[in-house]
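Q: Have a look at this one before I ask anything.
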Amino acid sequence: MIRTATLPLLILPAPALAQLPAEALPHDLSPWGMFMAADVVVKAVMIGLAVASVVTWTVALFKLVEFAVAMRTARRSQRLVAAGGALPAAARALARRRDPVARMLRAAGREVEGAAPFLAAAGPTGVKERIESVLARIEAGTLARLAAGTGVLATIGATAPFVGLFGTVWGIMNAFVGISRAQTTNLAVVAPGIAEALLATALGLVAAIPAVVVYNLCSRAIAAHRLTLRDGAALIARMASRTLDAQAGGR
């Protein structure tokens, strides 16, 4: 397919075409051709943006799978806790599970067991506060682990367009230098350099847009998982409170 930027040159006779400067000869305006013809700085920018795009999709696939598994296991454990009815029965039902809700349940059980010798004298209030503190720490640690890696998405989304813009500005500067050397404003001389420069901006947007979208999806998934963990923690806290009240009343 003949590109429009080369049409004015194709109508010239061969001797006249041979006398043109190198800057005015036909250019390959495919993405790969523009990359190969770009300045070394613009090439470095394009390579960096391509790497950023690969990182974005790698983190996206890993995190989406991680969030899906975490939500499914947390909801399953929450249903098992609710079905258990009492703290000991729920602990037996979740004995083999290692998800955050199961760890919350075991932590609450340890606090209840540890408070048994002095429950009558001290009362259940302090134990309930310790249980809430332990559950909150497990929730915070779980959410921090889920959020690990999402910061790079925010960084790519915020900086990639500006990195691409830097490549564009640098490329346009080189294009103007080429115009001055060729001493012509022919479109065949101007267009290739500007197209190469604009490719850097396009790559910046290609890297930034998915990063922003995936980061927002991750933020929503973390918020949804936070609600699930809080529901599970509230259920376990109520269950532990009933157990403590029953033990205190029975003494």
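The values are calculated or read from the model by the stated rules, or taken from the named source; none is laboratory data. Fair warning: this is a prediction, and the values are worked out from it, not measured in the lab. Quick reminder, even Gly has a Cβ in these numbers, built from the backbone with ideal geometry, and neighbours come from all protein chains shown.
Q: If A208 satisfies all but one of (1) over 17 Å from V41 (Cβ atoms); (2) at pLDDT below 90; (3) assigned to a helix (DSSP H, G or I), what's the number of the condition it fails?
A: That leaves (2) as the condition not met.
Q: What number of residues in segment 199-227 are surrounded by 20 or more Cβ atoms within 10 Å (Cβ to Cβ) and of a type outside the set (G, A, S)?
A: 7
Q: Just checking: which of the helices (runs of 4 or more DSSP H) contained wholly in segment 84-175 hold 2 or more residues that are among the β-branched types (V, I, T), modelled with pLDDT under 85 and over 30 Å from V40 (Cβ atoms)?
A: Numbers: elements: 87-93, 100-115, 119-122, 125-147.
Because the criterion is at least 2 residues that are among the β-branched types (V, I, T), modelled with pLDDT under 85 and over 30 Å from V40 (Cβ atoms), the helices (runs of 4 or more DSSP H) in segment 84-175 that meet it are 125-147.
Q: Scan T73, T6 and give me the residue that is at pLDDT below 65, of a type in the set (S, T, N, Q), assigned to a helix (DSSP H, G or I) and surrounded by 16 or more Cβ atoms within 10 Å (Cβ to Cβ). Walk me through how you get there before you give the answer.
A: Details: T73 fails: at pLDDT below 65.
Only one candidate qualifies: T6.
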